[in-house]
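Visitor: Dropping the structure in here first, questions after.
The values are calculated or read from the model by the stated rules, or taken from the named source; none is laboratory data. As the structure is a computational prediction, the values presented were derived from the model and not from experiment. As a convention, Cβ positions derive from the backbone with ideal geometry for all residues, glycine included, and neighbour counts pool all protein chains shown.
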Amino acid sequence: MNSAKIEYNIGYIDEQTKRMIRRVMLKAVAIPGFQVPFASREVPLPRGWGTGGVQLTASLIGKSDVLKVIDQGSDDTTNAVSIRKFFHRVSSVETTTDTTQATLIQTRHRIPETPLQEGQIMVYQVPLPEPLRFLEPRETETRQLHALNEYGLMYVKLYEDIAKYGHIAKTYDYPVIVNGRYLMAPSPTPSFDNPKLHQSPALHLYGAGREKRIYAIPPYTDVESLGFEDYPFEPQAFEEPCAICGSTGVYLDQIITDDKGGALYVCSDSDYCANKFAQLSKEGEGVSE
Amino acid sequence: MSDAVFQAATIPQPGFSDPSSDSQAVFRAILNAFSYPGRKFSITGPQDVPAALGSALAAVELTLFDIDTAVWHHPVLAQDESAMGYLLFHTGLKRCTELADADFVVATVDSMPALNELRTGSDLSPQESTTLVLDAREMTGAHNCRATGPGINGEIEFLMPETYAEFFEDWAANHQLFPRGVDLLIVDEHSVMALPRTTSLAIQEHKREA
């Protein structure tokens, strides 16, 4: 049986929903770090799989955009490939894996290693937008705490980490203060990526579909990761270079190679790694000539 | 229903030729304007629009407004039948006559209400504030300003259209209210520029005539 090709509205969702999300985005940019409620819609993937990010991208995307989607830094994992295909299908935009070519980058928990530029937009898929949620389960209370700029709870949590473990034991979703005012969860990005948010030239938009919140870090905004004078914030660091491209100062994934504890450490950012490796091979050829 | 409704004069001009793509492009310019305060971003609106609106302002209204937005229009626009007919037909926006009820206030440099008359939201819900859309096509003068704040790399100089006398004092107070406060979107013939509540303004000494 032949079925006619369905024609979708650009970006899948309807224009009225887009306008609602767009107005919320403007408020989010005007109030950096504040979680603006929005009327989250159904999209053709389950809640918790990036519906917030998908709704943001759907409301942003247009003909002149080039879309990159990453999942844990990688362009070629299931979630990234599926979302990239989805937007190619419903908006016919060009897609890429190259960070420098992309105008829109939807991500689940990494910021690319290649520095971002002005005009680029990062879209994050956020599972839990409220940084205080595990310390205070009631939404009515956490909203009050934000309104009153009362973040003692979070400092106590970090202090208890130090008392128990001797260091701040949070390695992802590390809380930040945005523009000196709002406590914000940078979504579960590794704390390694936190410094990239500070005074970034790009716009960072966070969408939590299930929790119905959108928030943002505008470009060139102060983003301070919490810490104490004697126990300052320390992003994760890696001792070894990447096993493929030899890069240092990048975020590495562990790949188990056997059942005897052997492991390989490689770049989590697949585009960055491939570029570095291509560069290395070129230089290698240059030497042999 | 009387036949008068269908008279040629009451049929509004067309809106965007491609509503989805055109409004997306305009929205991205507005989002860029909010992200990079003090910079102008050009927009393309429909060409055949009521004169009182102008192409760029029409584009902004078609992009942002619908049945969920209460909009206050300055008296000249509110009394212009062709303009209001056009906006109501294409957006279905809710007209409001009280500034305090408005999600958006559309005003010219002459009819701009004082910032402290507008809704600033609450500490719990600072997003429930009014956004002021300033039609700056006919500005009488402009102040050379220096701005700092989120979205600005260091500082930026730009020309702020002259509005009412106490604007800069009121803006400073508005900025101090953060996270509450009013956001400002300035629309001229072909571009938009925004000053979100986070932007701090310092007025330079001299004043240029436009």
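Visitor: For the stretch B:144-169, how many residues meet the condition of being more than 17 Å from B:Thr108 (Cβ to Cβ) and touching a residue at least 12 places away in the same chain (Cβ under 8 Å)?
Guide: Total satisfying the criteria: 14.
Visitor: Within the stretch B:170-184, how many residues are β-branched (Val, Ile, Thr) and farther than 21 Å from B:Asp110 by Cβ?
Guide: Selection size over the stretch B:170-184: 0.
Visitor: Of everything in the stretch A:192-218, what is touching an Asp or Glu at 6+ places or on another chain (Cβ under 8 Å) and closer than 23 Å to A:Tyr251 by Cα? Give them in sequence order.
Guide: Matches in the stretch A:192-218: A:His198, A:Gln199, A:Pro201, A:Ala202.
Visitor: Checking the structure you have, find out if any residue of the stretch A:188-195 is closer than 19 Å to A:Leu56 by Cβ, away from chain B (no Cβ under 14 Å) and part of a helix (DSSP H, G or I).
Guide: Scanning the stretch A:188-195, I find at least one residue that is closer than 19 Å to A:Leu56 by Cβ, away from chain B (no Cβ under 14 Å) and part of a helix (DSSP H, G or I), so the answer is yes.
Visitor: Moving on. Answer with yes or no whether A:Leu45 is within 22 Å of A:Arg89 (Cβ to Cβ), touching a residue at least 12 places away in the same chain (Cβ under 8 Å) and either facing another protein chain (nearest Cβ under 8 Å) or among the acidic types (Asp, Glu) (or both).
Guide: So A:Leu45 fails the test.
Visitor: Follow-up question, since we're still on this one. Consider A:Asn149 against the criteria (1) away from chain B (no Cβ under 14 Å); (2) more than 17 Å from the chain's Cα centre (by Cα); (3) assigned to a loop (DSSP other than H, G, I, E, B): it satisfies all of them except one. Which criterion is unmet?
Guide: Going through (1) away from chain B (no Cβ under 14 Å); (2) more than 17 Å from the chain's Cα centre (by Cα); (3) assigned to a loop (DSSP other than H, G, I, E, B) one by one, A:Asn149 breaks only (1).
Visitor: If you scan the stretch A:196-235, which residues turn out to be surrounded by fewer than 21 Cβ atoms within 10 Å (Cβ to Cβ), within 14 Å of chain B (Cβ to nearest Cβ) and not in a loop (DSSP other than H, G, I, E, B)?
Guide: Scanning the stretch A:196-235 gives a single hit, A:Glu224.
Visitor: If A:Gly62 satisfies every condition in (1) at the interface with another protein chain (Cβ under 9 Å from one of its Cβ atoms); (2) surrounded by 23 or more Cβ atoms within 10 Å (Cβ to Cβ) but one, which is the exception?
Guide: Failed condition: (2).
Visitor: Against the conditions (1) in contact with a strand residue (DSSP E or B) (Cβ under 8 Å, 6 or more places away or on another chain); (2) more than 10 Å from chain A (Cβ to nearest Cβ); (3) among the aliphatic types (A, V, I, L, M), where does B:Leu53 fall short? Just the number, please.
Guide: The failed condition is (1).
Visitor: If the requirement is being at pLDDT 95 or above, assigned to a helix (DSSP H, G or I) and either crowded, with 24+ Cβ neighbours inside 10 Å or of a type outside the set (S, T, N, Q) (or both), which of these qualifies: A:Thr107, A:Thr57?
Guide: A:Thr57
Visitor: Still on this structure, I have one more. Mind checking which residues of the stretch A:126-158 are in contact (Cβ under 8 Å) with a residue 60 or more places away in the chain and either on the phi > 0 side of the Ramachandran plot or touching a Ser or Thr at 6+ places or on another chain (Cβ under 7 Å) (or both)?
Guide: If the condition is that a residue be in contact (Cβ under 8 Å) with a residue 60 or more places away in the chain and either on the phi > 0 side of the Ramachandran plot or touching a Ser or Thr at 6+ places or on another chain (Cβ under 7 Å) (or both), then A:Val126, A:Glu130 are the ones that fit.
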